[in-house]
C-alpha cells in the first residue's frame, strides 16, 4: 500500500510543488487548502501523471477544529499519515499596533498552532510504525532579525525552526525524520496575494528560486534527516552573515531594508 503525505497550503506555490514531488516519489496525498477548484485540478493532474490518489479537504487553518476535520477525513478514507508537510502560510501587512487583534489571532492559529497541532497528532502513529517524515516550511526570515511590519511572520518562522530542531532530536533513531525548510524569495503567488509584488520585483534574479527546486531541497533534507535547510547559495550566505554579525548591526540593516520587502510597514 502506498504511503500517504498530508500537505497544507497545497493549492499553489511550494505546496503544489511538494504535492507533485511526493506523488512522483510514490505517495498518495491528503491535500488541504481553502481553494477547492485548485485542489481538484491538482489532484486530477497527480492522478494522471503519477497514479496518485488524493483526498481533498477544503479547510481554513485559522479555524479551531480544522486540524481534526483534516485528520478525520484521512481516517475516514482508511489513511494514516506517513509524511506531513506544514506549508500553509501567508503574510499579514501593517505594524502590530495597526492591525486588529482578530487578524493577528487568526494568523497565529494558522501559522503556529495548526502546524504544531498537526505534528503532535500524527507523530505518535509515525513512531509506532517506525517511519515518518515531517517538513515544517519556515523561512529565511526566521533566521534574520525581526523587521518592521508583518510583525509575527518572522517570529513564527523562528519558532518553527526551533520546534523542528527539537522534534528532530527527540526522534533520532525512531525512523521519524524532521526538518525545517527555510526558503528565501520563491517564485509563487505568495507575494501577489500579500501585495508585495512591486517591492520584491526589484530584487536580482540570483535571490530567487522556483518552487520545484525549493520542494526538492526540502525533500532531500528530510530524507537525509537534516534538521534545518536553507535554500540557495545567496540565502545561505545571508544566513551565515546573520549568525556572524553582531545583533545590533543586523538589526540596523533590517531597519534600512524593511521598506523594500514589507507592505504597509509604516501603517
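The values are calculated or read from the model by the stated rules, or taken from the named source; none is laboratory data. On a predicted model such as this, the values are computed, not experimentally measured, just so you know. Every residue, glycine among them, receives a Cβ derived from its backbone with ideal geometry; neighbour counts consider all protein chains shown.
Being under 17 Å from residue 136 (Cα atoms), within 20 Å of the chain's Cα centre (by Cα), modelled with pLDDT under 95 and part of a loop (DSSP other than H, G, I, E, B) is the requirement here; does residue 89 meet it? Criteria met by residue 89.
Yes or no, residue by residue, for (1) closer than 30 Å to residue 146 by Cβ; (2) in contact with a helix residue (DSSP H, G or I) (Cβ under 6 Å, 6 or more places away or on another chain); (3) modelled with pLDDT under 95; (4) not in a loop (DSSP other than H, G, I, E, B):
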site	(1), (2), (3), (4)
11	yes, yes, no, no
23	no, yes, no, yes
62	yes, yes, no, no
68	no, no, no, yes
72	no, no, no, yes
85	yes, yes, no, yes
93	yes, no, yes, no
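Within region 165-186, track down each residue that is assigned to a helix (DSSP H, G or I) and farther than 16 Å from residue 124 by Cα.
Within region 165-186, the first condition is being assigned to a helix (DSSP H, G or I), and the residues that meet it are 165-170.
Result: 165, single match.
When residues in region 114-131 are screened for being under 28 Å from residue 153 (Cα atoms) and either surrounded by fewer than 17 Cβ atoms within 10 Å (Cβ to Cβ) or touching a strand residue (DSSP E or B) at 6+ places or on another chain (Cβ under 9 Å) (or both), 9 of them pass.
For region 163-202, filtered to residues that are at pLDDT 95 or above and over 22 Å from residue 18 (Cα atoms), the residue that is surrounded by the fewest Cβ atoms within 10 Å (Cβ to Cβ) is 173. Residues that are in a loop (DSSP other than H, G, I, E, B) and in contact (Cβ under 8 Å) with a residue 12 or more places away in the chain occur at least once in region 116-132.
Yes/no matrix, rows are residues, columns are (1) touching a strand residue (DSSP E or B) at 6+ places or on another chain (Cβ under 7 Å); (2) over 21 Å from residue 160 (Cβ atoms); (3) free of Cβ contacts under 8 Å to residues at least 40 places away in the same chain; (4) surrounded by 13 or more Cβ atoms within 10 Å (Cβ to Cβ):
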| residue | (1), (2), (3), (4) |
| --- | --- |
| 63 | no, no, no, yes |
| 67 | no, no, no, yes |
| 78 | no, yes, yes, no |
| 88 | yes, no, no, yes |
| 112 | no, no, no, yes |
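Please identify the pairs in which a residue from region 26-41 that is part of a loop (DSSP other than H, G, I, E, B) has its Cβ atom under 7 Å from the Cβ atom of a residue that is at pLDDT below 95, counting only partners at least 6 apart or on another chain. Final answer for the pair search is 26/2; 27/2.
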